[in-house]
1. Which far-off residues, 5 or more places away or on another chain, put their amide H under 5 Å from the one on B:Leu92, with H placed in the peptide plane?
2. Would you mind classifying segment B:14-117 by shape? Square roots of the alpha carbon gyration tensor eigenvalues, ordered a ≥ b ≥ c; an a/c under 1.5 is rounded, otherwise it is prolate if a/b is larger than b/c and oblate if not.
3. Just rank B:Thr18, A:Thr129, fewest to most, by other beta-carbon atoms within 10 angstrom.
4. When a/c reaches 1.5 or more, the comparison of a/b and b/c decides; with that in mind, is segment A:111-211 rounded, prolate or oblate per its Cα gyration tensor?
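No lab work stands behind these numbers, since they all come straight from the coordinates. The structure presented is a predicted model; accordingly, all values stated were derived computationally and were not measured. Note that each Cβ is placed from the backbone with ideal geometry, even for glycine, and that neighbours are counted across all protein chains shown.
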Amino acid sequence: MAYASSPDGAPENGASETCGRYLAETVQRSAKILVVGAFGVGKTTLIGSVSEITPLRTEEAMTTASVGVDDLAGLGDKKATTVAMDFGRITVSPRLVLYLFGMPGQRRFWDLWEGLAEGAVGALVLADTRRLEQSFEVLDQLETHTAELPFALAINQFPNSPWCSEDELADALDLPPRTPVTSCDARDRAGSVKALITLVEHALANQKVPS
Amino acid sequence: MSGTGEYRDRPVRPYVLTGGRAVPTRNTIRPDTLVIAASPGMPLPVSAGRTERALLGMCRSLLSLAEAAAYLELPVSVVMVVASDLVDSGHLLVRTPGGAPVSREVLQELLHGLRKLA
């Protein structure tokens, strides 16, 4: 599978498409985290750096019809994108597998993610400080349509990203109180796993005790 | 799937594969639902289509529906409808129904597992 959007996103464990395709028989349940963010922010790269399988892609490619609709400023040589969902998985224990679904950031595709949000652990919002305003739409969507879904903000650090403190970011994006803000290099496995941990800790802290 | 960004049309429209249906018969079917073929010997009716056969073949071992869809190069929405039919007919087993809220135990197990990876 050609991987136009994330040359650096290939997993380091070298899982091929046939070997390791299936889950261990011991796996009893799945959990899911949504990786959301604006177009070109590095969602697929992050998924690729933590996934044990080569990230998979479903649905169709975006056509040239998106030229002039999707903002390509600052994206360098990013030529192609998809309307599709990219996803990966991590078997976190013999019983439990985690799926990471990369959700398109554009408003016209949000219908895709409302169903997926059901039963999700939470959403990791990936943002780029060079184009912070593009995260407003995504955050707005999370707060209005999936209000129950815990989320954390992760800044994907690009080499020429302006530095902002976490407080400045929380202010600029008008995040709900206690929303965790972290930063990572989406190409780095350990850093990306830490961002996921931040989200899961937040989800645990926010969980309503059922009984 | 091609990664070139070219639009690639399909000779058969997705709704043809699902008999015109957009919604699965079961509301517990999600892209992250784990499925496995019931018993390998259980034959599909002669009327079963190519998509049913392909999906059942793909699910000879444990897999999520999103993965099955990606490997079969079919939209997840189509695979969810077809999988739901196969569950109804007893050919496909659901390991974990999707859409249920995550329990505290699962969150803790997840956190523990991720910390070991970091």
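1. For B:Leu92, the qualifying residues are B:Ala38, B:Val87.
2. Numbers: a/c = 2.15, a/b = 1.84, b/c = 1.16.
Taking the square roots of the gyration eigenvalues as a ≥ b ≥ c, segment B:14-117 is prolate.
3. Values: B:Thr18 22, A:Thr129 19.
Listing B:Thr18, A:Thr129 from fewest to most nearby Cβ atoms yields A:Thr129, B:Thr18.
4. Prolate, because a/c is 1.5 or more and a/b exceeds b/c.
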